[in-house]
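Presented below is the structure to which this report refers.
The values are calculated or read from the model by the stated rules, or taken from the named source; none is laboratory data. None of these values were measured; they are calculated from a predicted model. We place every Cβ from the backbone using ideal geometry, glycine too, and count neighbours over all the protein chains shown.
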Amino acid sequence: MLNHLTDQLEEYISSNSPNENIVKVRKNALAKFLEYGFPQSSLENYRFTNLSKLNKVKFDLPKNITKKENFNNLSNEYPVLQFIDGQFSKELSSLPNFISIESVLNKEENFQPSHAVKYDSSSNPFAYLNSAFLNIGYVIKITKSSDLPIIIESKMSGKSENLMIHPKFIIKSSNNVDATIYESYVGENAFYLNNVSTEFIIGNNSHIKHYRSQLESNRAYHIANSNYNISKDASIHSTQIVLGSHLHRHDINVTLEGENANIDLNGLCLIKNTQHFDHNIIFDHAREHVTSKMLFKYILSDKSTGVFNGRALVREDSQKIDSIQTNNNLILSDSSIMNSNPQLEIYADDVKCTHGSTTGQLDEDALFYLRSRGLDSFAAKSILINGFANEIIDQMSNITFKSTFTKYLDQWLKNINDRSNS
């Protein structure tokens, strides 16, 4: 597999990277990735996540542009950047006048691996793999406030097996901007690798709402690196839902780099069959007077597994910090496994930091009460599961996207019930 990657890069460079400096960056990034290889379970951050299958697959970059079809499963009234099998679809995309875009392939600086690798390069080799094979993506500059959301939608058509795509999106807001971004990843039935990198660079006193949904093929591997850089008096409110892929690994790195910076990060993971979902989250409180709040919830059924690692880092000079991180998990099957590890790393003394994790099953007394009121088993369980999940979904202020997330939850519950009755 590793030799195949080298051959793939040489072939790609010969036809797509005339800039000598960019060629050098690509080759150096691949050399770094080959040095580390795919992460092993001996690494603490991958202790419960097995990626050995990736070593055995010869992934190929997309060579042909898929026939353009309208795959947009969100509201057609919103501006959208649409990608099909790793290719940008200009015909199906629309841009508002309050943003400007340019290809990430135009500038050498866009190829540099995400700053996330500064924490531990060996545990995040996918950032280097993305830089080596970066084949599509845009720098999106938001220059003024708007109530109109921007949708980034990536669709895998399922028409080819063993594809790998390495998109990168860099979202920059000017100062004093309010905006909404929705990332959507969907895929038809196929085996592929989506190794995506997203970076938010938020200007002073800007406030961004960010939504993310992942409904890849249940055979796919979804590897993501998301990085939030939040300036003075700025904030991000992010709500994410994960249902798709066979294996989902998401590294989220937050740097609160200006005073009074704030992030509110919420996630809902709905896991079934033998799916494996893994989140590794770092909050870097790099200045005084910053706040962070995180709530991630997993609901696991069948023989699924979940992994959560969360670390709040408070630097020595970062006083007056307020940080809360919570991971709550609901187990619907005796065969499901959840591994949770929230951590605090504090080098300052004037801070308020808390972390906690709970894992449990549905309350039998509550189920009995609902059944005694005439509800069948599915209806009773659905009420309790919805109550657990809606603490995340209710964080959303956009009615259209909130309705979309609710639909995903309802479909997931119906699928679980239908299989249990079959």
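Table for the structure above
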item: Filter result for the condition that a residue is part of a strand (DSSP E or B), in contact with a Gly (Cβ under 9 Å, 6 or more places away or on another chain) and either under 30 Å from residue 58 (Cβ atoms) or of a type outside the set (Phe, Trp, Tyr) (or both), over 141, 172; result: 172
item: Single residue of 357, 336, 340, 323 found to be farther than 19 Å from residue 293 by Cα and of a type in the set (Gly, Ala, Ser); result: 336
item: Every pair of residues 6+ apart whose Cβ atoms lie under 8 Å, when the first sits in region 305-316 and is within 15 Å of residue 255 (Cα to Cα) while the second is surrounded by fewer than 21 Cβ atoms within 10 Å (Cβ to Cβ) and of a type in the set (Asp, Glu); result: 311/345; 312/345; 313/345; 314/345
item: Selection within region 51-62 - surrounded by 14 or more Cβ atoms within 10 Å (Cβ to Cβ) and modelled with pLDDT of 85 or more; result: 51, 54, 57, 59, 60, 61
item: Residue check for residue 138: modelled with pLDDT under 90 and buried (at least 20 other Cβ atoms within 10 Å of the Cβ); result: yes
item: Given (1) polar (S, T, N, Q); (2) more than 27 Å from residue 232 (Cα to Cα); (3) modelled with pLDDT under 95, number of the condition residue 327 does not satisfy; result: (3)
item: 1 or more residues of a type in the set (Lys, Arg): qualifying strands (runs of 3 or more DSSP E) within region 184-287; result: 207-215, 247-256
item: Members of region 27-63 that are within 26 Å of residue 311 (Cα to Cα) and hydrophobic (A, V, I, L, M, F, W, C); result: 33, 38, 43, 48, 51
item: Test set (1) under 19 Å from residue 301 (Cβ atoms); (2) without any contact (Cβ under 8 Å) to a residue 24 or more places away in the chain - residue 416 fails condition number; result: (2)
item: Only listed residue being aliphatic (A, V, I, L, M) and surrounded by fewer than 19 Cβ atoms within 10 Å (Cβ to Cβ), chosen from 389, 348; result: 348
item: Subset of region 178-192 [buried (at least 22 other Cβ atoms within 10 Å of the Cβ) and farther than 13 Å from residue 158 by Cβ]; result: 179, 181, 182, 183, 184, 185
item: Extreme residue, surrounded by the fewest Cβ atoms within 10 Å (Cβ to Cβ), among residues of region 239-285 that are hydroxyl-bearing (Ser, Thr, Tyr) and in contact (Cβ under 8 Å) with a residue 60 or more places away in the chain; result: 255
item: Close pairs from region 370-393: first under 14 Å from residue 330 (Cβ atoms), partner surrounded by fewer than 13 Cβ atoms within 10 Å (Cβ to Cβ) and modelled with pLDDT under 95, Cβ under 7 Å, at least 6 apart; result: none
item: For residue 143: the one exception among (1) surrounded by fewer than 21 Cβ atoms within 10 Å (Cβ to Cβ); (2) closer than 30 Å to residue 309 by Cβ; (3) at pLDDT 90 or above; result: (2)
item: Filtered residue count, region 79-91, keeping only those that are over 20 Å from residue 215 (Cα atoms) and at pLDDT 85 or above; result: 2
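Listed here are the residues, each with its yes/no results for (1) hydroxyl-bearing (Ser, Thr, Tyr); (2) modelled with pLDDT of 95 or more; (3) on the phi < 0 side of the Ramachandran plot.
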{"position": "353", "(1), (2), (3)": "no, no, yes"}
{"position": "357", "(1), (2), (3)": "yes, yes, yes"}
{"position": "362", "(1), (2), (3)": "no, yes, yes"}
{"position": "366", "(1), (2), (3)": "no, yes, yes"}
{"position": "378", "(1), (2), (3)": "no, no, yes"}
{"position": "385", "(1), (2), (3)": "no, yes, yes"}
{"position": "390", "(1), (2), (3)": "no, yes, yes"}
{"position": "393", "(1), (2), (3)": "no, yes, yes"}
{"position": "398", "(1), (2), (3)": "no, no, yes"}
